[in-house]
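Report on the following structure.
Throughout, read-outs are computed from the coordinates displayed, never taken from laboratory work. These numbers come from a predicted model, not from an experiment. Glycine also receives a Cβ, built like all others from the backbone with ideal geometry; neighbour counts cover every protein chain displayed.
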Amino acid sequence: MHRRSVIILLIQSILAFCTSATAQVSEDVQEKVLNALHKKVPELSGVMMRFEEHFQADTSYTNRGDTLRYIEYVEHGPGDGWIRGFKNYYYVYIGEDHVDHASRWYTFLISKDLKKFRYYDTQYDKIHALNYWKKLWPATKFLYLHKQTQRTQIAK
């Protein structure tokens, strides 16, 4: 086989893998899984709103043709996961989407019955309880300070 044929087959395989992962999860299931995650981790809704407020108001992104938005979706359904012991989980991708690329912030694992929630640390390849994530999450302090500011403004 020629080198070019091998490269084409490799690219086709990668594209097939990437497109099949999310295609197997219906919109209804995506919605149920994401709703369950937001119920369990309400901080995500706050971050999504604050992120979009900030970047929609920042014209430096739109003036140079870059649109930046918060994204979340079910990346893999049960049976498609790659982490040993977590095959029957939904893998939820949380990140930001640019015109030319996406940046992953977090990966959450949610059991098929939507009762068990875990955080996957991609940097260290470890699974953690949500409490671990909440302690380390950089926006925890930001949201706490934001709430304090709101309370102070209401009190005035």
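Shown in residue order for region 94-110 are the 3J(HN,Hα) couplings computed by the Karplus curve 6.51 cos²θ - 1.76 cosθ + 1.60 at θ = phi - 60°: 10, x, 10, 10, 10, 4, 10, 6, 10, 10, 6, 9, 9, 10, 10, 10, 10 Hz (x for Gly and Pro).
Residues of region 94-132 with an amide N closer than 17 Å to a point placed 7 Å from the Cα of Lys39 along the Cα-to-Cβ direction: 109-118.
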